[in-house]
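Written below as structure tokens is the structure these notes are about.
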Ligand SMILES: *Cc1c(COP(=O)(O)O)cnc(C)c1O
């Protein structure tokens, strides 16, 4: 049975070249980067190089990069760090959407409980924000606008550069959660007009548990983890040197291969979408048809449960997702699918297939071979399927 991994939005496999770059920092170059001796200096050099590598891809200064223990921590540092630091000087109004990853969404919920006023921007049927809506929402008390560049569930891309331009014009900080887009699309901070940008290595063939936050020079974030003076006092704790080195190697590699990989993924993605919609009745594409992450397919398949599709695909060796990996396990439908206006039943029957650099035409053929009979069987078993009345058996 083939083994087909189509869950790259949840995480990606570590690139062997990235592992190669990391290995010495587990074995011989194990120093603490704060130590003055040669072991410490060797670790420090590894971190310095990684900081330059990340800065080169983002088009910023190395000192504007803060390493964190992943995308979630980078998001928390951005949202809490700005909201808390500017509460007195600017105000306690913050803006986001209802489609955010929980790493951003939960921070906004906590801040709302602490007396912040939160504006949730409306989105269209594809999950896109109208930049003019951002302009209308900003008041003299707004400190922060935080949105995801590419949505992790439905893949929709936001007009980030335009939103950022409006934020800058009105003197409001703009945080972009670029955890899904980094390594897959251009993420130059000057083109995106962002003040803060989060990324995570494991979403572009780097290691898990390491990420970074870009903080534009002049923007102050209140540290959220206290202790030593690492990361210019903004993120305490002995650095994860192998992880940081892996992040630097992974982002460099991803940037070098980015255009070719994206072109391949887009052609596989579009073939997969078109074939599913054409061969399985009562299906719809979720997210924008063109303004979407190169590797994201998200479809609603009416009358069946997403979880049942996942289990059936798993038995065929295909790894996929329904909703986001973090919410699978709960029976609530995805807040993203509800947020773009789907009813509960349609949201429950969603399937997310996210492709990767090693996905082949053969993988797509195999998926397209096994999926239609799975759906047909599940619909026969579904009490809500209206097709029962047309059955001849
Ligand atoms: C994966 C993801 C995160 C969280 O990153 P972790 O490294 O898993 O903590 C945040 N935002 C988005 C959009 C993501 O896809």
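Each 10 Å bin from 0 upward holds the following percent of the Cα-Cα pairs of the range 53-95: 24, 40, 31, 5. Subtracting the Cα-Cα distance of residue 226 and residue 88 from 0.36 nm times their residue separation leaves 47.5 nm of extension gain.
In this entry, the chain is assigned a mean projected area of 20.4 nm², taken as a quarter of its C-alpha convex hull surface. Counting only alpha carbon atoms, the long axis of helix 361-381 and the longest principal axis of the chain meet at about 60°. A protection proxy built from the mean count of other Cβ atoms within 10 Å ranks the segments 296-302, 260-266, most packed first, as 296-302, 260-266. How tilted is helix 306-315 with respect to the longest principal axis of the chain? Cα atoms for both, answer in degrees (0 to 90, nearest 10). Roughly 90 degrees, rounded to the nearest 10.
I'd like the FRET efficiency for residue 114 and residue 216, computed as 1/(1 + (r/R0)^6) with the beta carbon distance as r and R0 of 25 Å, rounded to 0.05. Could the numbers behind the result be given before it?
On the way: r = 25 Å, r/R0 = 1.01.
Efficiency, from the Cβ-Cβ distance: 0.50.
Ranked by the mean number of other Cβ atoms within 10 Å of their residues, highest first, the peptides 378-389, 246-257 fall in the order 246-257, 378-389. Between residue 162 and residue 106, the contour length at 0.36 nm per residue exceeds the alpha carbon distance by 17.6 nm. Counting only alpha carbon atoms, the long axis of helix 71-85 and the longest principal axis of the chain meet at about 60°. As a calculated quantity, the FRET efficiency between residue 390 and residue 361 at R0 = 30 Å, using C-beta atoms, amounts to about 0.30.
Taking 7 Å steps out from each Cα toward its Cβ at residue 130 and residue 23 produces label points 5.6 nm apart.
Calculate, in nm to one decimal, what residue 263 and residue 343 gain on full extension: separation in residues at 0.36 nm each, minus their alpha carbon distance. Could the numbers behind the result be given before it?
Details: separation 80, 0.36 × 80 = 28.80 nm, distance 3.33 nm.
Length difference between fully extended and current span is 25.5 nm.
Separation of the range 136-166 from the range 350-393 is 35 Å, based on Cα centroids.
The packing ranking of peptides 190-200, 338-348, highest mean first, is 190-200, 338-348, where packing means the average number of other beta carbon atoms within 10 angstrom of each residue. From the alpha carbon centroid of the range 260-313 to that of the range 3-48 is 34 Å.
For n ≥ 4 DSSP H runs only, could you compute -39500 (n - 2.57) per run for the chain, divide by its residues and tell me the 222 nm figure to the nearest 500? It would help to have the intermediate numbers written out before the result.
Numbers: 13 runs with 160 residues, N = 393.
Using -39500 (n - 2.57) per qualifying helix, the result is -12500 deg cm²/dmol.
Using just the C-alpha positions of the range 60-148 as equal point scatterers, what log10 of I(q)/I(0) does the Debye formula give at each q in 0.10, 0.23, 0.24 1/Å? Each listed q corresponds, in turn, to -0.27, -1.19, -1.24.
Throughout, read-outs are computed from the coordinates displayed, never taken from laboratory work. From a predicted model like this one, the values you see are computed outputs, not experimental measurements. A quick note on method: Cβ atoms are made from the backbone with ideal geometry, for glycine too, and the neighbour counts reach across all protein chains shown.
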